[in-house]
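First up is the structure itself, then whatever we jot down about it.
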Amino acid sequence: MAVSQRPAEAATVALTGATGFIGSAVLAALTARGVRVRALVRREPPAPGGGVDRILGDGLGEVDWIRGDLADRAALAGLCEGAGVLLHLASLVGGGAEDCEAVNDRGTAAVMAAAGRAGVGRIVHLSTTAVYGEGPHSGIDVDGVPPAPFSEASRTRLVGEQHALAAGALVLRPALVTGAGDRWVVPGLAELARRVPARWEGGRARLSLVDRTDLARLITALALDAPAPAGVQHAAHPTPVRAGELLDALAALGLLPVLDGPALPWAECRRRLAATPGRVSERQFTMIARDHWYRSEEIWRLAACPPGPGPLARLTEAASWYRTVLGRA
């Protein structure tokens, strides 16, 4: 399927995951540009009416809410019919094998098939760098290391990528995503700061981060403006962030305590983490405390989209959200 054509901005954009962390930011970005969006939702949409509810997004772009899920062939047909672009942003990021396969594998196959039947001209599919596995990874290009997913969620998202690529999609792999709505990165750091109150390996780890509003701008540009080449691209801010810089920025906002303890070697970090049980696993700790840096310059260039000031500069905008979530309001 050709996906390089430039759709008219007035063309309908079909969107999955519109109520999620990233999808809701993309929905806001699309409607701010006056785009008509058709969004698949499982729950009652935020407007009364029939099977498709029409509301205005910020008084600009029109939103049609279609009730259904990724197993509903009729809903998927209604989602894609007449659309010029499909943004498949829905995924399951936790859970068992069956649930992950239903959403990330079979669900992706179903929506890609619906897009094919409807003749959708441009498809962007959201995946994750978690398909590479545990790491550490230091400045790797796309598939610079073989995928080695650790969890059922990342395994099935890797399978979902294959369905999307077969449909001619552009597959985006973001790494850590921060901003209002983030319930994993900064809340996870807050827990780790309590369990291992030190400079993890001196805070030297380089991390690929992106703020959700910048990621939403990128996805919107790929949907409406720049050609979207089929294939896989990393989708983080081009400049990696040092773990110590991230911890310091969060401490300056009062979201974390100041971690000015010793620069602990990784073996001691692991020992201290295991000695104080909590929600964050050692594997998740590794993703923040050791290098997980994926080269991402190319996608911003292809999208002709400036990457913005970076995730550390954006933290101030999300500080009130984080204070509420962390109980520091």
The correct pair for the chain, radius of gyration to one decimal and Dmax as a whole number, both in Å and from Cα atoms, is 19.8, 60
Sorted list, accessible surface of protein heavy atoms, 1.4 Å probe, largest first, for Arg155, Arg199 is Arg155, Arg199
Per residue, accessible area of the chain with a 1.4 Å probe, heavy atoms of protein chains only, in Å², comes to 40
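Which order do you get for His234, His163 if you rank them by accessible area with a 1.4 Å probe, largest at the top? Present the calculation step by step, with values, prior to reporting the outcome.
Values: His234 0, His163 60 Å².
I get His163, His234, largest accessible area first.
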For Tyr132 the rounded accessible area (nearest 10 Å², probe 1.4 Å, non-protein molecules ignored) is 10
Tilt, helix 266-275 to longest principal axis of the chain (alpha-carbon atoms), in degrees rounded to tens, equals 80
Rounded to the nearest 10 degrees, the helix 108-118 long axis (Cα) sits at an angle to the longest Cα principal axis of the chain of 30
Using a 1.4 Å probe on heavy atoms of the protein chains only, the accessible area for His292 in Å², nearest 10, reads 10
The local net charge around Gly20, scoring Lys/Arg +1 and Asp/Glu -1 for residues other than Gly20 whose Cβ lies under 15 Å from its Cβ, equals +3
Scoring only Lys, Arg, Asp and Glu (+1, +1, -1, -1) among other residues with Cβ under 13 Å from the Cβ of Phe150 yields 0
Per 10 angstrom bin, beginning at 0 and ending with the bin that holds the maximum distance, the Cα pairs of the range 164-260 fall in percents of 14, 39, 26, 15, 6
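What does the charge count around Leu255 come to, taking other residues whose C-beta lies under 12 Å from its C-beta (Lys +1, Arg +1, Asp -1, Glu -1)?
0
Run the accessible area of the chain with a 1.4 Å probe and give the carbon-and-sulfur part as a rounded percent.
On the way: 7100 of 13230 Å².
Roughly 54 percent, rounded to a whole number.
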What helix-only [θ] at 222 nm does the chain give? Using -39500 (n - 2.57) per DSSP H run of at least 4, over all residues, to the nearest 500, the answer is -11000 deg cm²/dmol
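Just the C-alpha atoms of the range 240-329: what Rg/Rh do they give, with Rh taken as the Kirkwood radius?
Values: Rg = 15.9 Å, Rh = 15.6 Å.
Radius of gyration over Kirkwood radius for the range 240-329 works out to 1.02.
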Under a Gaussian network model of the chain whose springs join Cα atoms within less than 10 Å, the largest fluctuation of Ile140, Ile288, Ile219 belongs to Ile140
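The values are calculated or read from the model by the stated rules, or taken from the named source; none is laboratory data. Fair warning: this is a prediction, and the values are worked out from it, not measured in the lab. Neighbour counts are summed over all protein chains in view; Cβ atoms, including those assigned to glycine, are modelled from backbone coordinates with ideal geometry. Accessible surface areas use protein heavy atoms only, side chains included; no ligands, DNA or RNA. Shrake-Rupley method; radii C 1.70, N 1.55, O 1.52, S 1.80 Å.
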